[in-house]
1. I want to check the label-to-label distance for A18 and E123. Put each point 7 Å from Cα in the C-beta direction and report it in nm to one decimal.
2. Magnitude of the Cβ-charge dipole of the range 14-164, K/R +1 and D/E -1, about the Cα centre, nearest 20 debye?
3. Would you work out the relative contact order for the chain, in percent, from Cα pairs under 8 angstrom that are 6 or more residues apart?
4. Mind checking which helices in the chain clear 18 Å along their axis (Cα) and have mean Kyte-Doolittle hydropathy of 1.0 or more, DSSP H runs only?
5. Calculate the dipole size of the chain relative to its Cα centre from +1 charges on Lys and Arg beta carbons and -1 charges on Asp and Glu beta carbons; express the result in debye to the nearest 20.
6. Give K89/K470; K89/K150; K59/K89; K144/K264; K59/K114; K89/K380 a once-over and call out the pairs whose C-alpha atoms are over 20 Å from each other.
7. Please list the non-local residues whose amide H lies under 5 Å from the amide H of G312, H modeled 1.01 Å from N, same-chain partners needing a gap of 5 or more.
8. If contacts are Cα pairs under 8 angstrom and at least 6 residues apart, what is the relative contact order of the range 388-496 in percent?
Amino acid sequence: MRTPVPSLPSPMPEIEVASVPRRGIPVVVLAHGGDSPVLGPGGADLSADWAQIVGLTGKAGEVHIAAGHGAGVRWVLGVGDGAAQEWRKAGAALVRAIEARADSDSDAGRRVTKSVQLTLPPEISAEQISAFVLGVSLGGYRYKVSSTQKPRLKSLRLVTESGAELKPVVERAVAVALGTTATRDMGNTPSNVKDPAWLASTAVKLAAQLPGLTVRVRDEKWLAAEGFGGLLAVGGGSVSPPRFVELSWRPAKPVGPHIAYVGKGITFDTGGISIKPADGMHLMRTDMCGGASVIAALVTIARLGLPVRVTGLVPLAENHVSGSSYRPGDIVKHYDGQTTEVSNTDAEGRMVLADAIGYAVRRVKPDLMVDVATLTGAMKVTLGVRTGGLFASDDELARRIIEAGARGGEAWWRMPLLAELEDEVVSDIADWRQCPPGPGGITAALFLQKFTAGIPWAHMDIAGPARAEKVYDEVVPGATGFSTRTLVELAESYAS
């Protein structure tokens, strides 16, 4: 019997845009930072003495309770200098502060705040309000398998005279936040629930009732008939067989290029025969976050109705240890006929991606291709846990991805595909060496490039930022959803 887990997607506060405030709902007042904090609409009743007592600075993410110091005012929120990232940080801090107070009030038997409202400044931009909504939607994210439920913020009322103009902006931000939340949910689901079949069925459920988005799930028999040697090798050690998910978004009148997104979907990674140390292995439930990002991005693209054709490919497998596990020294034949000499069974991500990329080239025939994966510990060491590594064969594509990430609040750093290391990927007894010596993030990317057949391609290594151990900005511990928003923004960049 499987462990019951929360339903997907996890709940987010309902965000309403209105032209007038509603009586009886606690008010949030904005405080802008600088040499001296400046209070926004609704803050006239707050005294200078109160601001001095609490040490109000207006920096982004600063939250104070102001109950009793003004008509209906309860919360004061700093938004810093007003940059979009400051608004996102502020929104996340606000929801966390309200829910922490709600936990305390609930324990003490006091009335719990479930709704708040704030008046937006008239000069607020679409970028700022979008960032704020993302922060509010994601900052209070919780994933816990438990019989008890903590109080949550149920709704946020945004008061503005520009409601008609801002409502589509808010709706889009909520859709993008839903995609990030879905990625987090899939990543955080424990692996005694999340085997390849479960994740494939989750993709089908998330895509249901979205006209124009289709999902096909292929099983191990189809994979064997089609020659997915890498995916079958990696999944061969588990009693839960591999799956291959293909999502297809075909708008009625597509514009721009046909894009293929390929995501690594290892639902648990022991390392196989090249087994990982026990310390930290529990985090390998998130080794499918690249695949989850592709699933969630396709669902979000369809929900937004973007007029760009996108295909998502997600190879799913568990990398386990058994008598049927693949071995160092094996030679594996991939979907496109190329062969790989296995040197480390813990470098399984590139094995399954090679099959999926080869399938994209031969069957999907995209104009450009992006793969995303928690691929190498080397990239985590190089860039840390808040920046993704980006490799690209095309400068224009690299530029678009970096700019898409900036719009979505995700940072990328372009890494080199060093020509002098290409010979290291060549094998003496097969076409390619799976895990050659040298800088691991770069050689992994060079290996994947061998399967792209010259199609403009980018590889996004999210081994660092795909999961977090502490709170920052809109991120909470666990799976972060990193790369989902970049994939959506990238597709949208071709829609205009």
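1. 2.7 nm
2. My answer is approximately 780 debye.
3. Answer for the chain is 15 percent.
4. What comes out of the filter, once short or polar helices are dropped, is 126-139, 289-304.
5. Here the size comes out at about 1700 debye.
6. K89/K150; K144/K264; K59/K114; K89/K380
7. L247, S248, W249, Y261
8. So the answer I get is 34 percent.
We did not get these values from a lab; they are worked out from the coordinates using the rules stated. None of these values were measured; they are calculated from a predicted model. Reconstructed Cβ throughout: ideal geometry from the backbone, glycine too, with neighbour counts over all protein chains shown.
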